[in-house]
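The values are calculated or read from the model by the stated rules, or taken from the named source; none is laboratory data. No experiment lies behind these values; they were computed from the predicted model shown. Neighbour counts are summed over all protein chains in view; Cβ atoms, including those assigned to glycine, are modelled from backbone coordinates with ideal geometry. The area values use the complete protein model at the heavy-atom level, side chains included, leaving out ligands, DNA and RNA. Shrake-Rupley method; radii C 1.70, N 1.55, O 1.52, S 1.80 Å.
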Amino acid sequence: MTAVDDRALSLTDQELRTHDVIFVGRPETNSALAAWKTQIGLDSDGGLFRILGKDHASETESLAFAAVNPLDRMRMVLVLAGNNALQTVRLVTTGLNRTEYSIFDSGKETSSGFLR
């Protein structure tokens, strides 16, 4: 796994292609995730994310989102993003299940499943 944030901008496409990638934080805080969000199907805008047509904009909510790495379909991408810093930290320290997405509110899972 390779964790990516803006301090790691020197990562090449080859490095991203040959690893599973974990993004911690929302797309507006991470330019690499912002570049990939459409390709991986992440519907996010500022402090809001949308799953199955439902908006999640509460600052107590967070999202764990898994997708195929757009550079290599044999690799994965995991996004761990809270609508505020505390929720992101809570999410990073929680156990995740084996679904495509999980939504949390104040650190407690409220829903999970698959998009397709």
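For this structure, a couple of remarks:
- Residue within the range 81-90 that is surrounded by 14 or more Cβ atoms within 10 Å (Cβ to Cβ) and touching a Pro at 6+ places or on another chain (Cβ under 9 Å) present: yes
- The numbered conditions (1) at pLDDT below 95; (2) open to solvent by 40 Å² or more (accessible area, probe 1.4 Å) are all true for residue 33 except (2).
- Lone qualifier among 73, 90, 26 - being of a type in the set (Lys, Arg) and free of Cβ contacts under 8 Å to residues at least 12 places away in the same chain: 73
- Criterion: of a type in the set (Gly, Ala, Ser) and surrounded by fewer than 16 Cβ atoms within 10 Å (Cβ to Cβ) - qualifying residue of 25, 53: 53
- Scanning the range 2-17 for any residue that is farther than 20 Å from residue 115 by Cα, hydrophobic (A, V, I, L, M, F, W, C), open to solvent by less than 60 Å² (accessible area, probe 1.4 Å) and within 12 Å of the chain's Cα centre (by Cα) turns up at least one such residue.
- Only a single item in (1) open to solvent by less than 30 Å² (accessible area, probe 1.4 Å); (2) farther than 29 Å from residue 12 by Cα; (3) not charged (D, E, K, R) is not met by residue 67, and it is number (2).
- Within the range 93-108, the set of residues being touching a residue at least 12 places away in the same chain (Cβ under 8 Å) and either buried (at least 17 other Cβ atoms within 10 Å of the Cβ) or more than 15 Å from the chain's Cα centre (by Cα) (or both) comprises 101, 102, 103, 104, 105, 106, 107.
- Just one of (1) of a type outside the set (Gly, Ala, Ser); (2) in contact (Cβ under 8 Å) with a residue 12 or more places away in the chain; (3) over 25 Å from residue 111 (Cβ atoms); (4) out of contact with any His (no Cβ under 8 Å at 6 or more places or on another chain) fails for residue 14. It is (2).
- Residue that is nearest to residue 90 (Cα to Cα), among those in the range 60-70 that are without any contact (Cβ under 8 Å) to a residue 40 or more places away in the chain and hydrophobic (A, V, I, L, M, F, W, C): 65
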